[in-house]
Amino acid sequence: MDESGDVRNVEVAVVGAGQAGLSAGYFLRRAGFEPGSGFVVLDHSPGPGGAWQYRWPSLTYGKAHRVHDLPGLPLGDADPGLPSSEVVSAYFARYEDAFGLRVRRPVDVRAVREGLDGRLRVETDAGVWSPRALISATGTWDRPFLPYYPGQETFQGRQLHTAGYRGAAEFAGRHVVVVGGGTSAVQLLMELAEVARTTWVTRRPPVFRDAAFDEDWGRSVVARVEERVRRGLPPQSVVGATGLAATEAIRDARARGVLRPEPMFERITPHGVAWPDGRTLDADVIVWATGFRAALDHLAPLRLREPGGGVRIEGTRVVKDPRVHLIGYGPSASTIGANRAGRSAVREIRALLSGGADAAGIAPAREAATF
């Protein structure tokens, strides 16, 4: 909080400084909002890089999904052998500096509530801000999903989520069960198989897609995810909508038997896992590559969730409260999607604050050429 202890008024508050939050900051500056009085970006991480700064060191830039350029500043060439956490963190730091975004960190946003005079109240461990609109760009990294299976608490080995994975070396000589059908599970299996015995377990048979992920395919995937969020359902996982890309490395791993999935086990025993048919397997480690959920707990006081469990949005705007926009959520949960969503959110917010769009969410006119 500032020295006077007063609530600080601001036009727009952005929560999160990953790809989506930085994109929003860029377009806010382009729209004429100034850092400080016009907008503030609040980030709880210790430094730039969003969720990328927490990725395991062995996930090099050459192995990672493509990181799309942020608007206005290309990432440029990067050493594919460097950890992706280093490459992206350095890029995000350069971006924040280039556009003077003045990200405030570490700031933990605890709750967003209804404020006074039609404003929102953003409560943090560094004070209170009172914005007229809010862009929530908090992603998913802070909410790793851990399903429960009977006997889980009896397991005498080690259990961890991919969020806590730091490299294969510590599992050398162990038998590791990897649970999950997404890209992270595949990446870990290929790493772990170099030093450990592995077993892959999935709820559904994974689908490997040999065809290119072209623009037409991408549009169809986005359309499916958009349909879910329009109905107020939680967003579907990316792999659930796209399948797994059958790269050369993945094809090789499949040929070697590294990526041979087993059906999901029924329960966990003190020494491993067990299937419904009575088959058991001893294991030293269970890695839960079971994904993440949207980190929206700070918005709970606004009661934005629908009966289906998700937040219904049109574009990026929350239907229940047009002052609130979600980016990096649903169809914008990708690096390129976050860029587009940042532009869209700022366009609507500027129209709303200037009286060009009402609380019912009437679509504003096309933005000026500055966008």
- Gain upon complete extension [Ser37, Asp282; 0.36 nm per residue less C-alpha separation]: 82.3 nm
- Ordered by packing density, taken as the mean number of other Cβ atoms within 10 Å over each peptide's residues, highest first, how do 93-103, 288-298 rank? 288-298, 93-103
- In what sequence do Val229, Val7 fall when counting other Cβ within 10 Å, fewest first? Val7, Val229
- Charged-residue dipole, Cβ positions (Lys, Arg, Asp, Glu), the stretch 267-311 about Cα centre, Debye nearest 20: 220
- Extension gain, Asn9 back to Glu262 (0.36 nm per residue minus Cα-Cα distance, nm): 85.6 nm
- If you place +1 on the Cβ of every Lys and Arg, -1 on the Cβ of every Asp and Glu, and leave all else neutral, what size is the dipole of the stretch 1-57 about its Cα centre, to the nearest 20 Debye? 380
- Task: Describe numerically, in nm with one decimal, the distance between label points set 7 Å from Cα along Cα→Cβ at Tyr54 and at His175.
- Result: 3.1
- Message: Full-extension gain between Ala126 and Arg113, please, as 0.36 nm times their residue separation minus the C-alpha to C-alpha distance.
- Response: 3.1 nm
- Checking rank on 305-314, 182-191, 20-29, 339-348, with mean other Cβ inside 10 Å and highest first, the result is 20-29, 339-348, 182-191, 305-314
- Query: Relative contact order, percent, of the stretch 1-127 when contacts are C-alpha pairs under 8 Å separated by at least 6 residues?
  - Reply: 28
- Using the 10 angstrom Cβ neighbour count as an exposure proxy, how do Tyr148, Tyr165 rank, fewest first? Tyr148, Tyr165
- Summing +1 per Lys or Arg and -1 per Asp or Glu among the other residues with Cβ less than 13 Å from Trp56's Cβ gives 0
- Message: Placing unit charges on C-beta atoms (Lys and Arg positive, Asp and Glu negative, everything else neutral), compute the dipole magnitude of the stretch 67-182 about its Cα centre in debye, rounded to 20.
- Response: 320
- Nitroxide proxy distance, nm - points 7 Å out along Cα→Cβ at Asp69 and Val195: 3.7
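Where a number appears in this text, it was derived from the coordinates with a stated rule and is not lab data. It should be emphasised that the depicted structure is a prediction, and the values quoted were computed from it without experimental measurement. Reconstructed Cβ throughout: ideal geometry from the backbone, glycine too, with neighbour counts over all protein chains shown.
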